[in-house]
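The values are calculated or read from the model by the stated rules, or taken from the named source; none is laboratory data. Because the structure is predicted, anything quoted here is derived from the model rather than measured. So basically every Cβ, Gly included, is an ideal-geometry build from the backbone, and we count neighbours across all protein chains shown.
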Amino acid sequence: MIKLTGITKSFGRNQVLQGIDLQVEKGEVVVILGPSGSGKTTLLRCINYLERPNAGRIAIGDFEVDCERAGKKDIHALRGKSAMVFQHYNLFKHKTVLENVMEGLVIVQRMPKETARRRSVEVLEKVGLGEKLDAYPSQLSGGQQQRVGIARALALGPEVILFDEPTSALDPELVGEVLAVIRRIAKEGITMIVVTHEMGFARDVANHVVFMDGGAIVEEGAPKDIFNKPQEERTKQFLKRIMPEPAYSI
Amino acid sequence: MGEKFDISYVFTFFPKLAGTLQTTLLIVGGALLTGLIVGFLVALPRLYKVPVLQRISQLYASFFRGTPILIQLFLFYYGLPEILKLAHIDVSRAPVLAFVVLTYGLHTGAYVSETIRSAVASVDRGQVEAAYSVGMSGYQAFTRIVMPQALAIAVPVLSNVILALLKDTSLAFSLGVMEMTGKSQSLATLTNHFVESYISLALIYLVISIILERLLLFLERRLLRHESRPAEAYPVFRRERFGRLRQFFTRERRVRFREETR
């Protein structure tokens, strides 16, 4: 479904990704964990071509692109297959909640306005913002803004949604409402790749956990394997620091 | 020195000067239009860091911001026909007003380009990325997401530019264009009532300025309506003497006053 092969990326002399291979099946929820600076956000941004990989291949669905030769058209096609939810929401500040969600449908997918509107309202109701259609982002709480961000991604009907630390900028109180929404759409079988520090969420929702460090994948597997009996020393260290208690007490 | 001061002249001059208002407004309108187009075009190479054009646009902005408008007027009026003559283009019969509008337009363009550049830079990069991520092209992201917000940010600065332009048009008189200042000069010499003529002139400039200011403020509010804050976000001032007056001048129409507590 999604297949990354040998993705490398460097900023100047600093090599951030050292040849990443990753495969994600349809309907899977993949959580990427790792210390900061391990390249997880860069990897996610490469999938959406917000960062241009130096080499490697990206395949989403039946579309495949060679990063060394990707032209404008390829990038455009690739972006059409994925959608992104950002850490800082990145909503269009001059547009209302409804317009934020409709924008991509009308401008990019050329959907008739009425259809786009119906679809947007439907998605916004799903994330619990049916009453806030005409509000501007500045009038919403962080949690509400992030839910608009999720609705904007969801409405496009992408093959995969990429979440870049979706709860890291939120007040602790508001994290729950956003995670609940992500959980709900995960149940609907939408493919997701999530970079997060929410261990509880990773354990409950993920089908597959990837641990990255130093620009490479150190270990990957089912969440209960990674959390309960990690194989690599680096993974053990990381999990110990982030969760001092034993993962499962039974 | 002229005749004894007579206030009634202020009123008789008023309609006469207002008659030449259209020339002034024509210069302002023409120069503003030229300035917005030129300013926008000149800002582009600097926004996108186009190698050679970037330097040229910097040079352009430096020249028009770094020399007095009066000198620019003379340079264009006397210099441009000479240069064009070398290319065998004869502009000696072009109206003076055309030179005036062109000079003011280029002058305004320099300021507009700087304003646009800084306004575009202040729209956060994240929104552009979001636009790309929903599949927009660079052009779509610029016109639909960045430009509208940059415009809203630029309006307060553009207001200054427009008001400065209005007042600067008084210098067009030095090339013999009969706009308001020129007219007031000739009325003054004719009647020997100098002070009255200038009072009348100042009043007209003031009225036009206030009208323009109001219109632009309205535009600013309209473009920034997405920033509307709830009432409690407005600054609270201690109620003080001249409070309302101060409100009028500080533009903070929506300040709230804290009631004095004893």
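Data overview
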quantity: Residues satisfying the stated conditions in region A:76-133, i.e. without any contact (Cβ under 8 Å) to a residue 24 or more places away in the chain and of a type in the set (K, R); calculated: A:R110, A:K113, A:R117, A:R118
quantity: Selection count where residues are more than 11 Å from every other protein chain (Cβ to nearest Cβ), part of a loop (DSSP other than H, G, I, E, B) and out of contact with any Cys (no Cβ under 8 Å at 6 or more places or on another chain), scope region A:43-66; calculated: 2
quantity: Some residue of region A:154-161 being more than 14 Å from chain B (Cβ to nearest Cβ) and of a type in the set (A, V, I, L, M, F, W, C); calculated: no
quantity: Leading residue by the ranking (surrounded by the most Cβ atoms within 10 Å (Cβ to Cβ)) among those in region A:51-67 that are among the hydrophobic types (A, V, I, L, M, F, W, C) and without any contact (Cβ under 8 Å) to a residue 60 or more places away in the chain; calculated: A:I58
quantity: Among (1) surrounded by fewer than 18 Cβ atoms within 10 Å (Cβ to Cβ); (2) under 30 Å from B:N192 (Cβ atoms); (3) modelled with pLDDT under 90, the one test that B:V10 misses; calculated: (1)
quantity: Residue within region B:182-192 that is within 14 Å of chain A (Cβ to nearest Cβ), without any contact (Cβ under 8 Å) to a residue 12 or more places away in the chain, more than 16 Å from the chain's Cα centre (by Cα) and more than 30 Å from A:Y49 (Cα to Cα) present; calculated: no
quantity: Boolean, A:R117 is away from chain B (no Cβ under 14 Å), out of contact with any Lys or Arg (no Cβ under 6 Å at 6 or more places or on another chain) and within 27 Å of B:E227 (Cβ to Cβ); calculated: yes
quantity: Subset tally (residues that are within 14 Å of chain A (Cβ to nearest Cβ) and not in a helix (DSSP H, G or I)) for region B:87-133; calculated: 3
quantity: Residue under evaluation A:V106, criteria (1) part of a strand (DSSP E or B); (2) within 12 Å of chain B (Cβ to nearest Cβ), criterion not met; calculated: (1)
quantity: Flag for B:R221 being surrounded by fewer than 18 Cβ atoms within 10 Å (Cβ to Cβ), modelled with pLDDT under 90, assigned to a helix (DSSP H, G or I) and assigned by TED's automatic domain parsing to the domain that holds B:Y78; calculated: yes
quantity: Those residues of region B:134-155 which are of a type in the set (V, I, T) and either more than 10 Å from chain A (Cβ to nearest Cβ) or not in a loop (DSSP other than H, G, I, E, B) (or both), in sequence order; calculated: B:T143, B:I145, B:V146, B:I153, B:V155
quantity: Sole exception among (1) surrounded by fewer than 21 Cβ atoms within 10 Å (Cβ to Cβ); (2) under 24 Å from A:A169 (Cβ atoms); (3) facing chain B (nearest Cβ under 9 Å) for A:A83, by number; calculated: (1)
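Here is a yes/no grid of residues against (1) over 17 Å from B:Y111 (Cα atoms); (2) part of a helix (DSSP H, G or I); (3) in contact (Cβ under 8 Å) with a residue 60 or more places away in the chain:
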site	(1), (2), (3)
B:E3	yes, no, yes
B:F14	yes, yes, yes
B:L17	yes, yes, yes
B:T23	yes, yes, yes
B:L32	no, yes, yes
B:V38	no, yes, yes
B:L59	no, yes, no
B:F64	no, yes, no
B:Y78	yes, yes, no
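Conditions tested, residue by residue: (1) surrounded by fewer than 23 Cβ atoms within 10 Å (Cβ to Cβ); (2) modelled with pLDDT under 95; (3) part of a loop (DSSP other than H, G, I, E, B); (4) not β-branched (V, I, T).
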| site | (1), (2), (3), (4) |
| --- | --- |
| A:G37 | yes, yes, yes, yes |
| A:T41 | yes, yes, no, no |
| A:R69 | yes, yes, yes, yes |
| A:H76 | yes, yes, no, yes |
| A:V101 | no, no, no, no |
| A:R117 | yes, no, no, yes |
